[in-house]
Amino acid sequence: MATYFLRRLLLLIPTFFGATILVFIILQLAPGGPLEQTIRQIQMGGMTQGEGGSAGAGDMTSGGGAGLPAEAMEELKRFYGFDKPIIQRYLIWLGVWPREHDSRNLEFGPGENEVEKNMGRGQWVTVKKTADGYVMYNDDGSINSDWLIRPLDPAEDGAARALVYKTKLSGILTGDLGTSYTYMQPVLDVMKPRFKISIFFGISGFLISYIVCIPLGIAKALRHGSPFDLFSSVIVFIAYSIPGWALGAVLLLLLGGGSFWDVFPLGGFRSENWEYLSLWGKVMDQLYHAVLPMIAWTIGSFATLTVLMKNSIIENMSQDYIRTAFSKGLTEKRVIWIHALRNSVIPIASYIGNVIGVLLAGSYLIELVFNIDGFGKLGYQAVLDRDYPIVMGFLVIAVLLRLIGNILSDIALATVDPRIRFK
Amino acid sequence: MENTATVDQAATAQQQISLSVLKKRWLKFKSIKRGYYAFIILITAYIISFFLPLLINNRALVVKYEGDIWFPVFQGYIAGSTFGEDVPGEANYRELKEKFRSENGNWVIMPPYPYGPFEDVTTAGNKMYEEPSGVHWFGTDNTGRDVFSRLMYGFNISLSFAILFTIASYLIGVSIGAMMGYFGGKFDLITQRFIEIWATLPFLFVMIIISSIVRPNFFLLIVILTLFGWIGMTYYMRAEFYREKTKDYVAAAISMGQSHKKIIFKHILPNSLVPIITYFPFAVIGGIGSLVGLDFLGFGLPPPTPSWGQMVSVGLQNMVKWWMVLAPLGALFTTLLLIVFIGEAIREAFDPRVYSRLR
Amino acid sequence: MREKLFEIKGLKTYFNIGGQTAKAVDGVDFDIYKGEILGVVGESGSGKSVSLLSLIQLIPNPPGEVTDGEITFNGENIFNGDELKRIKAVPQYRFFNKLDVSKRTGIAFLFMLAWFILHLMLPIPGFIPFLISMILMTGMTWYLFFNSPRKRHERTFREKMYTRMRQIRGSEIAMIFQEPMTSLNPVYTIGMQIVEAIKPKSFGEMVKDRIIDLAASFRNTRWVNKVRTSAIVAVLFMFFGQLGAGWSFQITQLISQAIWGAALPLVLGYLMVGLDKLISEDYHEEYVDLQRQGIKLLDQVGIPSPETRLKDYPHQFSGGMRQRVMIAMALAKKPSLLIADEPTTALDVTIQAQILELMKDIKDQREDAAIVLITHDLAVIAETCERVIVMYGGKIQEVAEVKELFDNPLHPYTKGLLGSIPRPELQKKARLEAIRGMVPNILNLPEGCKFCTRCDVKIDKCDTVDPDLVEVTPGHSVRCHLVIDEMVAEQKSPVSVDDQ
Ligand SMILES: Nc1ncnc2c1ncn2[C@@H]1O[C@H](COP(=O)(O)OP(=O)(O)OP(=O)(O)O)[C@@H](O)[C@H]1O
Ligand code: SF4
Ligand SMILES: [Mg+2]
């Protein structure tokens, strides 16, 4: 079993890289990315201010940069990381290729070979251009090797330009998901509070659906064909035919106080004044806000799980080993709860990982309907804003969740099914 | 050559068997009333929905004006001035009908439900946010378009979309799954790895990303959805082919030197129809669900296409106008429920589960 | 004459297959005597398994049901078909008995829908009246469409019968099944399944057993291995801990992660040992005793190193070994009747003989134990059995002592069966006289003699009149018009076994 898990674990690594590479390529090569959007915004801004794009009309650089001076273009490209080939960008993002940071421009006057620069915190340095590159000297004349220097394209007037920068290894492998363009904060910091909300819904939704579906499935299987089974089947059919977010919308409309009854709040995760409520009030407020979204959250897995459980029990009840168990003189209760059930949870166990992945990261629609500031909504908003660090971070976490879910499924499966354990 | 002939005969015999089995299954399906009636209702509604322009439209079927006969439904745009109407742009046939009532010799025949899915407040006589009434069965929306009419057109679009999407993903999924199961070995291994990677991506999110970049139309959206939709089928087909491959008739065909293509499509595929057929309705459900979801997020079909998801999203911004939410969701729910009934019945017919209970 | 262990009269077992009734067993009478070995032969689908399964009510219901007959065990009536028939005379539903279940549900649903719509149209506002109306609706629907006066009677009848049956199953009647590969539960150890046959354990006791097992295995693990496990877990903890902490590599953090990881397996192990100590001494003794009994049983059926195999799962056993385990379970309580349903069909020839020998071992344990051996193989019957029942089409066609049957077969079907055995002494007759034709579909058996579609000597009335089973000589009964007619011709009055 240990080798089995080791193999599964090792297989995760190529899958993870494969998935991230795919998305990275789609994001980076697709038109209409953050660079283009910013350029467009700047241009539009320029128009409205009435200055027109004429100022730099002559020095258009590549494609979309119409109207921006080359240097600004370059600056933007560097900011969004588009100044490097895509493979390098991916490696930087991973954190196995040094990332440039703290960069500053140097501009050498015409014919000049030396320039002084304030490097912050009152530290002045002198950079000298020599035949084989640039050298940086401290105030006291010693050579400063903290900074790296590389030449840039010369300015319009022929003046030499260079970039001073530092590097460090910083990417997802070092736990750095980058900095959000819109929030100007590290991606992880942006995600954390929202992720908590999604985890709240995800985990309680997961528990609720298992707690409801497994007994319901068993009861349906044991009373197959009875009125109870037929009527609960109707509910299952209905649950299957209505997507969670759609049910959420209906519930919101009926019970959210728009046109009909005003029973539940119109959305949100908590009341505005949650902080000031008593403990009991806090709990009630939370539950009060959570009822409708929770129904929407669980309805999808409700139908699938119930049917899965029912069919699984029915199938196992007609197996030969059940007959053997009865032939030993065991009671019906024992045969069902000890013999049939253990076998019937095998498919349910392999479904666990699936549920976790979907519940935690697949809820954009519901979060949008209920206006909950969860993880999914963050991702959705990031796509709209072309906030690629968040988009990539979202994908990384979604992929990781799914992979972890797969492993969880494997573990659950191996726990209930010895045939897998001994493979 | 002779040998090939016999193998072919064997193959046809196989097919005949599976055909008669299919017929039996069909009879069984017919005997499951709920699914069968749902099937009839859905198919009828779908066929009718292709003739919607004749039934639900703001363009008149026939106009007689000054001795000339016009067929605006088929002719398309006709300026109002043509009929002596004092409106900018297209003729307003409903008003025209009122006007002609008092005029001799001129008449207009309107479709039974004279409101189209695209007209809006700019069209004279339309109002925003009208409550459901005998005139506008499901009211009007924020731009004065008739909700009922948009729903009906949306039905055709959603179902066509889902069916085309399912067929497209089947074409890819079945072929790849079949090849994986049939050839096995390295090809199988590599494709499996690739599928695993592909399946790990959060499907809807990547869809959103792609759609936000390319702004898809109907067919492009099918292509994009298919990029992810084909995976589900490969698992079934791979298992099916893996099993069938070991059977005698395949060995015979291989030893006769028949081409792989022929063996896959002529010999094995007819025997692997069960998952293909039973999975179909649920794939259609998935297709409709994805389309409506994407439309709801604003990344689906471009406006002003009448799409249910987009109608809900507009409706939700204005909770007081309940009909704008309930009507499209009701339509979505009814359609999906019908398909679920069909799917359940098909599954029951093809893969009957014996319920046996010892005590 | 020996004492009767079982007396079966007019046993009928019907299956509902897609709305049609399959008369798998249709009026079977036979006795099982103490200490005898009874053989049952017949082609596939003739109802052999179903007859014997009906004996201990192991018929899946639905789709099957033992609808009629009388079963007496050691003089005690354990199934009475007349009582069941009386119950069946009570109408199933209170109203609309003509509707079948699906129509019934459909109409009930429409009724509820109508009620709902009516409620919406009537001006009764408010949530509480709505709730009351809904409850009323549910109650009405249930009463009108689903209330069944019969159900209660039926349930008490079955409850009583099954309760008695469960006492008999295993301890008095044990059964070995046709399919050794699937007859063991794949998710439990052989040990658990054998011990269960001796004494079923409650869920709590199963947990206790697990604790005892784990504690024992922890105690028996050498310290080297314990340390190694701890080290591996510690490394894993550090890896994932660092992953979570963004590879900070702080020394204090690393150390705490390592300590947590290393401690975990040991803590769990000692937890098990501690819990083990909490379990009472008596329970430990019982556990060990049951374990020893299990080992003895496995040893008895010839499974090598039974102590270790007890902890294995069924998929680690071969077909023959699984069948041995089945026999071990069947022998566990020294039953008075062992039913072996083709115990050797799925196994290869060398094992067949061993298995048959093993079954006869039950005789060593209990003198008066009877064995019923169901088989296709007449050679096995000739070798092992004392009496034979020949079945066809859900009915007994001929019953006789083995010698009598082989020497003097009367029924054309029996003759056909005997003719299809390859016999070396009849070298001249090169071709086997197999019975022509195929077994008819269970759903449309002929109205008259069940064998008439394949019988070479049939007469006119065979097609329409089903002959009675008549006793030709003491202990030899046959169901065939030819034989009856012959007896009439010889002025003997045939006595129908059916009518007794
Ligand atoms: N669970 C069941 N559901 C439906 N029909 C059944 C079931 N079990 C048995 N039957 C029917 O009862 C008939 C008799 O079956 P039975 O198992 O007794 O045959 P058999 O004589 O034991 O044959 P074999 O030698 O193949 O074991 C069969 O035709 C079968 O169709
Ligand atoms: S009753 Fe007739 S058909 Fe049946 S076995 Fe005897 S002769 Fe043959
Ligand atoms: Mg049998």
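Apply the Kirkwood formula to segment B:261-359: the hydrodynamic radius equals the inverse of the mean of 1/r over all pairs of different alpha-carbon atoms; give it in Å with one decimal.
16.4 Å
With contacts defined as alpha carbon pairs under 8 Å and 6 or more residues apart, what's the relative contact order of chain C in percent? Each step should come with its number before you reach the end.
Numbers: 732 pairs, mean separation 99.6, N = 500.
So the answer I get is 20 percent.
For chain C, what is the convex hull volume of the alpha-carbon atoms per residue, in Å³?
Taking only Cα atoms, chain C has a hull volume of 279 Å³ per residue.
Report, in deg cm²/dmol and to the nearest 500, the calculated mean residue ellipticity at 222 nm for the protein assembly as shown, where each DSSP H run with n ≥ 4 adds -39500 (n - 2.57) and the sum is divided by the residue count.
-18000 deg cm²/dmol
Of all alpha-carbon pairs in chain B, indicate the percentage at a distance above 33 angstrom.
Summing the P(r) of chain B above 33 Å gives 47 percent of all pairs.
On a 31 Å Cα-Cα criterion, which of the cross-link pairs C:K48/C:K98; A:K84/A:K129; B:K24/C:K85 come out too long?
In this structure, C:K48/C:K98; B:K24/C:K85 exceed 31 Å between Cα atoms.
Using θ = phi - 60° and the Karplus curve 6.51 cos²θ - 1.76 cosθ + 1.60, what whole-Hz ³J(HN,Hα) does each residue of segment A:405-419 get, with Gly and Pro shown as x?
Each residue's phi maps through the Karplus curve to give x, 4, 5, 4, 4, 4, 5, 4, 4, 5, 5, 8, 10, x, 4 Hz.
Please compute, for the alpha-carbon atoms of chain A, the extent along each of the three principal axes and give them in descending order in Å.
102, 60, 44
Could you give me the percent of Cα pairs per 5 Å distance bin for segment C:273-343, shortest bin first, beginning at zero and ending with the bin that holds the maximum distance?
Taking all Cα pairs of segment C:273-343, the binned fractions are 3, 14, 21, 20, 15, 12, 8, 4, 2, 0 percent.
Which residues in segment B:68-85 place their backbone N less than 13 Å from a point set 7 Å from the Cα of B:E103 along the Cα-to-Cβ direction?
Label zone hits: B:68-70, B:80-85.
When all protein chains stay in place, what accessible area (Å², nearest 10, 1.4 Å probe) is found for C:F203?
150 Å²
Solvent-accessible area per residue for segment C:94-225 at a 1.4 Å probe radius, Å²? All intermediate terms of the calculation are to be shown ahead of the outcome.
Details: 7600 Å² over 132 residues.
Per-residue value: 58 Å².
At 1.4 Å probe size, put C:V325, C:V472 in order of accessible surface, largest to smallest.
From most accessible down to least: C:V472, C:V325.
What number comes out for accessible area per residue over chain B if the probe is 1.4 Å? Units Å², please.
Spelled out: the 1.4 Å probe surface of chain B, per residue, equals 46 Å².
Could you please put C:T182, C:T141, C:T350 in sequence from largest to smallest accessible area, using a 1.4 Å probe?
C:T350, C:T182, C:T141
What do you get for the angle between helix A:375-385 and the principal long axis of chain A? Use alpha-carbon atoms, 0 to 90 degrees, nearest ten.
40 degrees
Run down the lysines and flag those whose C-alpha is under 26 Å from the C-alpha of C:K226, throwing out any fewer than 8 positions away in its chain.
Straight-distance partners of C:K226: A:K423, C:K208, C:K277, C:K311.
With 31 Å as the limit, write out which pairs from B:K28/B:K266; B:K30/C:K461; B:K247/C:K360; C:K201/C:K363 have Cα-Cα distances beyond it, or answer none.
Distance filter (> 31 Å) returns B:K30/C:K461; B:K247/C:K360.
Which ³J(HN,Hα) values, rounded to whole Hz and listed in residue order, are derived for segment B:331-336 from phi using the Karplus coefficients 6.51, -1.76 and 1.60 in 6.51 cos²θ - 1.76 cosθ + 1.60 with θ = phi - 60°, glycine and proline given as x?
So the J values, rounded to whole Hz, are 4, 4, 5, 4, 4, 5.
Order B:Y129, A:Y364, most accessible first, counting only protein heavy atoms with a 1.4 angstrom probe.
Listed by decreasing accessible area, they come as B:Y129, A:Y364.
Amide H to amide H, which residues 5 or more places from C:Y392 or on other chains are under 5 Å from it, using H placed in the peptide plane?
Hits under the 5 Å cutoff: C:Q397.
Just read off the accessible area of B:S290 with the full protein assembly in place, 1.4 Å probe, to the nearest 10 Å².
20 Å²
How long is segment C:1-153 along each principal axis, judged by its Cα atoms, biggest number first, in Å?
Sorted from largest, the Cα extents of segment C:1-153 read 82, 32, 23 Å.
Given Cα positions, please report Rg to Rh for segment A:106-170, the hydrodynamic radius being the Kirkwood one. Don't jump to the answer; show the numbers that get you there.
Values: Rg = 12.1 Å, Rh = 12.4 Å.
Checking Rg against Rh, the ratio lands at 0.97.
Taking A:K77 as the anchor, which lysines have their alpha carbon closer than 19 Å to its alpha carbon, excluding any fewer than eight residues away along the same chain?
A:K166
FRET efficiency for C:S44 and A:N354, Cβ-Cβ distance as r, R0 = 41 Å, nearest 0.05?
Calculated transfer efficiency: 0.45.
List the aspartates and glutamates whose Cα sits under 17 Å from the Cα of C:K199, skipping any in the same chain fewer than 8 residues away.
A:E332, C:E172, C:D209, C:D282, C:E285, C:E286, C:D289
Taking the Cα centre of segment A:166-265 as the origin and placing charges on Cβ (Lys, Arg +1; Asp, Glu -1), which of A:L207, A:P186, A:I242 is farthest toward the positive end of the dipole?
Sorting the options by dipole projection puts first A:P186.
FRET efficiency for C:V465 and C:D82, Cβ-Cβ distance as r, R0 = 25 Å, nearest 0.05? Walk me through the numbers before you get to the answer.
Values: r = 26 Å, r/R0 = 1.04.
Calculated value: 0.45.
Looking only at other chains, what is the average number of their beta-carbon atoms within 10 angstrom of each beta-carbon in A:233-246?
6
Return the ratio Rg/(2.2 N^0.38 Å) for segment A:270-382, where Rg is computed over Cα atoms only.
1.59
Do any trypsin sites (Lys or Arg not before Pro) in segment B:62-170 lie in a DSSP loop with no more than 12 other beta carbon atoms within 10 Å, and if so, which?
Sites meeting the loop and neighbour criteria: B:K127.
Please give the helix C:223-244 orientation as an angle from the longest Cα principal axis of chain C, in degrees from 0 to 90, rounded to the nearest 10.
Helix C:223-244 sits roughly 70 degrees off the main axis of chain C.
How much length would be gained if the chain were fully extended between A:D139 and A:L266, taking 0.36 nm per residue of separation minus their Cα-Cα distance, in nm to one decimal?
On the way: separation 127, 0.36 × 127 = 45.72 nm, distance 6.35 nm.
Extra length available between A:D139 and A:L266 comes to 39.4 nm.
Give the average, rounded to an integer, of partner chain Cβ atoms located within 10 angstrom of each Cβ in A:26-34.
The mean count of partner-chain Cβ atoms within 10 Å per residue comes to 2.
What distance in nm lies between label points placed 7 Å from Cα along the C-beta direction at B:F183 and A:D157?
Taking the two extended label points, one gets 6.4 nm.
Using a simple spin-label model with points 7 Å from Cα along the Cα→Cβ vector, what separation in nm is obtained for A:R150 and C:A89?
10.0 nm
In Å, what Kirkwood hydrodynamic radius results for segment C:158-309 from the alpha-carbon pair distances?
Hydrodynamic radius (Kirkwood, Cα pairs) of segment C:158-309 is 19.4 Å.
What FRET efficiency would be calculated for the residue pair C:N444, C:R164, taking the C-beta separation as r and a Förster radius of 45 Å, to the nearest 0.05? Before the final figure, lay out the partial values.
Numbers: r = 36 Å, r/R0 = 0.80.
Computed FRET efficiency for C:N444 and C:R164 comes out at 0.80.
For segment C:305-310, just list the computed ³J(HN,Hα) in residue order, Karplus coefficients 6.51, -1.76 and 1.60, θ = phi - 60°, integers in Hz, with x standing in for Gly and Pro.
Each residue of segment C:305-310 in turn: 6, x, 4, 7, 5, 4 Hz.
Going from the alpha-carbon gyration tensor of the protein assembly as shown, what semi-axes, largest first and in whole Å, does one get by taking the root of 5 times each eigenvalue?
The equivalent ellipsoid of the protein assembly as shown has semi-axes of 69, 45, 31 Å.
Which residue, A:T15, A:T298, A:T331, has the most motion in a Gaussian network model of chain A that connects Cα atoms within less than 10 Å?
Highest fluctuation of the listed residues: A:T331.
Roughly how much of A:D189 is accessible, in Å² to the nearest 10, using a 1.4 Å probe?
Accessible area, nearest 10 Å²: 80 Å².
Have a look at segment A:310-326 and report residues whose accessible surface goes down by 40 Å² or more when the remaining protein chains are included, against the chain on its own, probe 1.4 Å, ligands and DNA/RNA excluded.
A:N311, A:I314, A:M317, A:S318, A:D320, A:Y321, A:R323, A:T324, A:F326
Might you tell me the accessible area per residue for chain A, computed with a 1.4 Å probe and given in Å²?
For chain A, the per-residue accessible area is 46 Å².
At 7 Å along Cα-to-Cβ for each site, give me the label-to-label distance between A:T182 and C:D456 in nm.
Placing both labels 7 Å beyond Cα along the Cβ direction yields 9.0 nm.
The values are calculated or read from the model by the stated rules, or taken from the named source; none is laboratory data. Because the structure is a prediction, the values reported are computed rather than measured. Cβ sites come from the backbone with ideal geometry, for glycine too, and all protein chains shown count toward neighbours. Each accessible area value is taken on the protein alone, full model and side chains, heavy atoms only, with ligands, DNA and RNA left out. Shrake-Rupley method; radii C 1.70, N 1.55, O 1.52, S 1.80 Å.
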